[in-house]
Amino acid sequence: MGSVVEIDELTQNPGEWLRGSGPESDIVISSRIRLARNLADFPFISRAAEQDRNQIERTLKQTILASENGSHLLYLDVEQLSSVDRQLLVERHLISREHAEGRGSRAVAIDWSEKFSLMINEEDHLRIQVMQSGLDLQNAWDYINRIDDLIESKVTYAFHERLGYLTACPTNVGTGMRVSVMLHLPALVITRQIDKVFRSLQKISLAVRGLFGEGSQAMGDFYQISNQVTLGRSEADLLKQVGDIVPVIIDYERQARDFLVKESHENLHDRVSRAYGILRTAQTISSEETMHLLSSVRMGVNLGLIENLAIPAVNELFILTQPAHLQKLSGAELDTADRNIERARYLRRHLNKQPGADGAEKN
């Protein structure tokens, strides 16, 4: 079983989805594909007895660790983890909030580069997810397809000839696939065009969620766009549906940024400079305010309004200032007030040591 020491090692690296590389990475943070799978010999999780769950976990653990990737995986018993460690995995997008807050036998296998994770006994027996930095759905699909085939060669999935893969939630029946892209859309928010974009997405059956998926807020102007229905659609259809619309949204965001630069340069510059100034000098700051200000700074860096600050460094701050990461980095459990002080200290230390930080804003 993975230990606390191993989880601590994860905090030393930014993880795949925040690398800040890959196509269109100024706007697209990451591309993710998730597959929902169930073992044919066991009831769905909602109906499974404790001994079923234990057997599912043992079967999948054995299969996964015996695979060719097995030696490169961190395998964690989620039930045994502390609440801070579980929250840390949620913040890193390696498990879902439902998986963190669940009960009974459940686990996750994580590849050290954090490109993929395998959740055992979440809503389905197995959820495989692959993440690529930037807009890179095809590579994500090729990667996850290989992992899925490897596992399917060793276990029997619940599959129906007409319906496809059988899943706990009816909306996942068929391919069991959810294709999602995480976008940073601050200019559409500032120019108040974001709702119009969302309404048009809903008309074509695409879901829009916040940073941490279902039921979460769009902190830091991050939005996840994904398919809603899989039944009757092939994997290629779903990749195309999401892959065709994302460039349109990227284009809208770029136009909105151009508009702000041309028509409202002083206001934009003021917003970015103030955000950067507050983050570098605040003595106490909440997670929400940090996300909001980092969003402006990230856009400012991409528009050349802030020099000597790299996008990967900004991306890392989005995650390292989250509650569980802060507590891991400081080596202590902190209440909200102490977290806000520690977060401000962390931001000051990291942003003021950037080269040229004393006069980094461009006029």
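List of remarks:
- Looking across region 5-50, just one residue is at pLDDT 90 or above, among the acidic types (Asp, Glu) and either at positive phi or under 14 Å from the mean Cα position of the chain (by Cα) (or both), and that is Glu24.
- Residue check, Arg97 basic (Lys, Arg), within 14 Å of the chain's Cα centre (by Cα) and closer than 15 Å to Ala324 by Cβ: yes
For (1) modelled with pLDDT under 90; (2) part of a loop (DSSP other than H, G, I, E, B); (3) surrounded by 16 or more Cβ atoms within 10 Å (Cβ to Cβ); (4) over 21 Å from the mean Cα position of the chain (by Cα), each residue gets a yes or a no:
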{"site": "Val181", "(1), (2), (3), (4)": "no, no, yes, no"}
{"site": "Arg192", "(1), (2), (3), (4)": "no, yes, no, yes"}
{"site": "Lys196", "(1), (2), (3), (4)": "no, no, no, yes"}
{"site": "Ala236", "(1), (2), (3), (4)": "no, no, no, yes"}
{"site": "Leu239", "(1), (2), (3), (4)": "no, no, yes, no"}
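- Only a single criterion out of (1) within 21 Å of the chain's Cα centre (by Cα); (2) not in a loop (DSSP other than H, G, I, E, B) is not satisfied by Val229, namely (2).
- Members of region 334-352 found to be hydroxyl-bearing (Ser, Thr, Tyr) and over 17 Å from Val84 (Cα atoms), listed by number: Tyr346
- Count - residues of region 21-47 that are part of a loop (DSSP other than H, G, I, E, B) and crowded, with 20+ Cβ neighbours inside 10 Å: 3
- Residue in region 111-169 that is modelled with the lowest pLDDT, counting only those that are closer than 22 Å to Leu73 by Cβ and among the aromatic types (Phe, Trp, Tyr): Trp112
- Residue in region 146-166 that is within 14 Å of the chain's Cα centre (by Cα) and more than 28 Å from Arg58 (Cα to Cα) present: no
- Filtered by the rule that a residue be free of Cβ contacts under 8 Å to residues at least 24 places away in the same chain and assigned to a helix (DSSP H, G or I), region 256-287 gives Asp258, Lys262, Glu263, His265, Glu266, Asn267, Asp270, Arg274, Gly277, Ile278.
- Condition check for Glu333 on (1) under 20 Å from Val90 (Cβ atoms); (2) within 22 Å of the chain's Cα centre (by Cα): one failure, at (2).
- Just one of the listed residues (Ala218, Ala187) is modelled with pLDDT of 95 or more and touching a Leu at 6+ places or on another chain (Cβ under 8 Å), and it is Ala187.
The values are calculated or read from the model by the stated rules, or taken from the named source; none is laboratory data. Values in this document were obtained by computation on a predicted structure and should not be read as measured data. Note that we place each Cβ from the backbone using ideal geometry, even for glycine, and neighbour counts take in every protein chain shown.
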